[in-house]
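What follows is a set of notes on a single structure, which appears directly below.
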Amino acid sequence: MNINIDSEGAFGSAVVILEPGEKFVSEAGAMYRASSNMEIEVESRKKKNEGMWGAFKAGVKSMFAGESFFLSTYRTNDNQSGEVGLAPTHQGEVRKITVGSETWICSGGSYLGSSGSIELDTQYQGLLKGGFSGEGLVFVKASGEGELLVNGFGRISEVEVRDGITIDNGHLIAFTEGLEYTIGKAGGGWISSMMSGEGLVMKFRGNGKIFVQSHDPGRLGGALGALLPPRSD
Amino acid sequence: MKYDIISAPSYALLEMTLNEGESVIVEPGSMAWMDTTVKPKTEMKGGLFSGLKRRMGGESFFLNTYTAEGGSGKIGIAPGYSGDIVVKELNNETIYMERGAYLCHLGNIETSVSWEGFKGAFAEGMLGLRVSGTGLLFFGSYGDVQEVEVNGSYIVDNGYAVAWESSLDYSIERSGRKIRSFLFGDQLICKYRGNGKLWIQTRSPRNLAAWVHPFRMVKSKSD
């Protein structure tokens, strides 16, 4: 498997070259190009032996993650190598994260794709944490060994965390397992915190790595949504 | 004529210097700035019927011709989307294009609507744009543009193909085999066949619009 990140500027995308027998998984709407020998299967996130009910629950969970209900799986069907291109919706970078010695936890909307060897698990954040973090209710945990692709709105930066860090809601992409977070207020008191416009933030404790995005998609959505006529559905 | 594409690939803009008497035909709305020596002229090229056909192809009814008069002149031309610009020299040949990708041209090039039939109803729209002749053609993308040399066949998701050579043909197909795939619009894909060049953009305006949609207020019942 070979992953070429095509642009690190405003419009990042990735082309994944798969050898026979290799598998790659992506968020269902992410594929924009593929060689014609690529077999594309749409599956919901389900754990083994959980059956339809498990699939349904997993689907509902990932819907709350701001992620498509389903994931797509790609493999070639003719014993030849093939390629599949993945692109996010927003302007921004795409990054490759190697999962192995570290397990990564990704905010729902930042997950773009991962190699078939990576195990994905959706983690429900709870209403309080998930509802207020601005990152969605569900995070995607990527463990095992392989490559994980994430997308960011704007520029993606890597931060080494020693002891802790505070991240504004809406800017989180992914963090290493071992870091714990709580939702809290940015400033000293609730009023100054709300007045500052920062509102709620994610307070991380521990040591590890975090990827953050320079812009918060929710703010663009809010700004555009307010300018558009109301919807009826 | 001399040109330079600046700020590519993310915010590409075409900067063109016309010698006296030279002209460029530009998609209305795409002229960003120009010298005072550049004179615009708006016409319904090819008459009413051609204008109507262009209109149906997602392009404008009128064509704007910009000519340098009384000296050379500079003109800046920008597409509606932020993204890249592709230059293609046409030598008595035809390429097809997604509605809205056309930016400008020099020389003897005709743009007209092409009937994509019902297969097109699921793709970019019922009608595409047919561009043929001899000259220099510029078209734009949303996001980066990637050139793919198709030998045999290639798959592009609905909404990402920008332009393709006339030696390629395409059809709309379903990608997944699972029954539930009908739930997803993106499971309709364009399959290109033949040998030729295909240009693909890395972002989809439709996907962005679909993402913004839930941020709209919900209409209250009393409205």
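Could you work out the mean count of beta carbons from other protein chains within 10 Å of each residue's beta carbon in B:79-90?
On the way: counts 0, 0, 0, 3, 3, 2, 0, 0, 0, 0, 0, 0.
What the average comes to for B:79-90 is 1.
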Q. Can you sort B:Trp33, B:Trp211 by how many other beta carbons sit within 10 Å, fewest first?
A. B:Trp33, B:Trp211
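Show me B:158-169, A:174-185 ranked by packing, highest mean number of other Cβ atoms within 10 Å first. Working shown, then result.
Working: B:158-169: 20.7, A:174-185: 17.4.
Top of the packing list down: B:158-169, A:174-185.
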Q) In peptide B:201-207, what is the residue-averaged number of other protein chain Cβ atoms found within 10 Å of each Cβ? A) 6
Q | Total formal charge among the other residues, if their Cβ is under 13 angstrom from that of B:Gly73, Lys/Arg +1 and Asp/Glu -1 | A | -2
Q. Each label point is 7 Å from the Cα along the Cα-to-Cβ direction; what then is the distance between the points at A:Glu145 and B:Thr17, in nm?
A. 5.8 nm
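Using the 10 angstrom Cβ neighbour count as an exposure proxy, how do A:Glu160, B:Glu43, A:Glu119 rank, fewest first?
Values: A:Glu160 9, B:Glu43 12, A:Glu119 15.
By the 10 Å Cβ count, ascending: A:Glu160, B:Glu43, A:Glu119.
Ranked highest first by the average count of other Cβ atoms within 10 Å around their residues, in what order do A:95-101, A:19-25, B:23-29, B:134-140 fall?
On the way: A:95-101: 15.4, A:19-25: 17.0, B:23-29: 18.9, B:134-140: 21.0.
Highest-to-lowest ranking by the protection proxy: B:134-140, B:23-29, A:19-25, A:95-101.
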**Q.** FRET E, pair A:Asp168, A:Ala226, Förster distance 30 Å, beta-carbon r, rounded to 0.05
**A.** 0.90
Q. By the scheme Lys and Arg +1, Asp and Glu -1, what is the net charge of all other residues having a beta-carbon under 13 Å from that of B:Phe138?
A. -4
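Kindly flag which residue pairs out of B:Lys2/B:Lys39; A:Lys141/A:Lys203; A:Lys23/B:Lys197; A:Lys23/A:Lys141; B:Lys74/B:Lys197; A:Lys96/A:Lys209 have an alpha-carbon separation exceeding 22 Å in this structure.
On the way: B:Lys2/B:Lys39 18 Å; A:Lys141/A:Lys203 19 Å; A:Lys23/B:Lys197 28 Å; A:Lys23/A:Lys141 18 Å; B:Lys74/B:Lys197 31 Å; A:Lys96/A:Lys209 14 Å.
Beyond 22 Å: A:Lys23/B:Lys197; B:Lys74/B:Lys197.
Within a 10 angstrom radius of each residue's Cβ in A:80-89, how many Cβ atoms of other chains show up on average? Whole number is fine.
Working: counts 0, 0, 1, 2, 1, 8, 1, 10, 5, 9.
Averaged over the peptide's residues, the number is 4.
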**Q.** Net charge, B:Val148 excluded, C-beta distance under 9 Å - Lys, Arg +1, Asp, Glu -1
**A.** 0
Q) For B:Glu149 and B:Lys74 in one chain, what is 0.36 nm times their gap in residues minus the Cα-Cα distance, to one decimal in nm? A) 23.6 nm
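Since every read-out is calculated from the coordinates, none of them should be taken as a lab result. Remember, predicted model here, so these are calculated numbers, not experimental data. Here the Cβ is made from the backbone with ideal geometry for all residues, glycine too, and neighbour counts use every protein chain on show.
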